[in-house]
């Protein structure tokens with residue numbers, strides 16, 4: 001009976017030594033399986049950001065948008081921005097940079113990329129805005145060339161109005177538009193039209209069902225005669 005615990009102990013010891021040996025060999029090999037490394041380090045991002053050209057491809061900009069790692073700056077005018085823009089984008093026209101940048105700067109912190117865009121392949125506004133941003137000390141600034149047109153063509157999320165608000169917001173406290181029922185004229189019993197359509201039956205002439213009868217040579221009306 002004492003042989004059973006002894007055999008089990010030796011088997012467990014052999015398994016432990018085998019596992020340690022396997023992990024050691026895997027770690028020593030250059031092509032080993034990334035077991036502990038994968039658990040310790042997050043997977044690398046599919047978007048590789050570089051500052052070589054200062055421009056970013058649409059697919060990379062879309063992936064950063066979906067992961068929330070980028071902030072988009074619309075370099076067009078306020079009017080064009082309200083007609084339509086990338087969802088969540090901040091409007092920062094180039095001509096208003098000096099007066100509005102300090103208010104917007106806190107919203108750029110903590111992002112992997114700051115992406116400027118405008119509309120049209122030859123639009124210079126996004127590049128001009130990117131230049132102002134770099135001169136102001138902002139890092140990881142990129143330009144999405146012809147950004148608005150490309151973004152719409154791929155049916156990516158867009159918005160209208162100010163900061164994505166509806167272009168025609170309802171003013172709080174404003175009266176609701178009148179319905180058709182409210183706009184229709186009220187027809188009451190005193191209305192001439194109602195009188196014409198609903199005459200009082202009580203005033204209409206009534207036909208008598210009385211049958212004439214003769215008594216003492218005189219005609220009279222009999223309403224309950226049996227003969």
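A few points about this structure:
Table: residues versus (1) more than 19 Å from residue 70 (Cβ to Cβ); (2) in contact with a strand residue (DSSP E or B) (Cβ under 8 Å, 6 or more places away or on another chain); (3) surrounded by 18 or more Cβ atoms within 10 Å (Cβ to Cβ); (4) modelled with pLDDT under 95.
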{"residue": "88", "(1), (2), (3), (4)": "no, yes, no, no"}
{"residue": "92", "(1), (2), (3), (4)": "no, yes, yes, no"}
{"residue": "96", "(1), (2), (3), (4)": "yes, no, no, no"}
{"residue": "99", "(1), (2), (3), (4)": "yes, no, no, no"}
{"residue": "110", "(1), (2), (3), (4)": "no, no, no, yes"}
{"residue": "120", "(1), (2), (3), (4)": "yes, no, no, yes"}
{"residue": "126", "(1), (2), (3), (4)": "no, yes, yes, no"}
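- Going through (1) in a helix (DSSP H, G or I); (2) surrounded by fewer than 18 Cβ atoms within 10 Å (Cβ to Cβ); (3) free of Cβ contacts under 8 Å to residues at least 60 places away in the same chain one by one, residue 152 falls short only on (3).
- Some residue of the range 97-117 being more than 24 Å from the chain's Cα centre (by Cα), at negative phi and in a loop (DSSP other than H, G, I, E, B): no
- Residues of the range 156-175 that turn out to be over 17 Å from residue 80 (Cβ atoms) and at pLDDT 95 or above, as a count: 2
- Checklist (1) over 20 Å from the mean Cα position of the chain (by Cα); (2) modelled with pLDDT of 70 or more applied to residue 83, failing item: (1)
- Only residues that are in contact with a helix residue (DSSP H, G or I) (Cβ under 7 Å, 6 or more places away or on another chain) and surrounded by fewer than 21 Cβ atoms within 10 Å (Cβ to Cβ) were counted across the range 128-140, and they come to 4.
- Residue 54 in contact with a strand residue (DSSP E or B) (Cβ under 9 Å, 6 or more places away or on another chain) and at pLDDT below 95: yes
The values are calculated or read from the model by the stated rules, or taken from the named source; none is laboratory data. Values in this document were obtained by computation on a predicted structure and should not be read as measured data. Note that we place each Cβ from the backbone using ideal geometry, even for glycine, and neighbour counts take in every protein chain shown.
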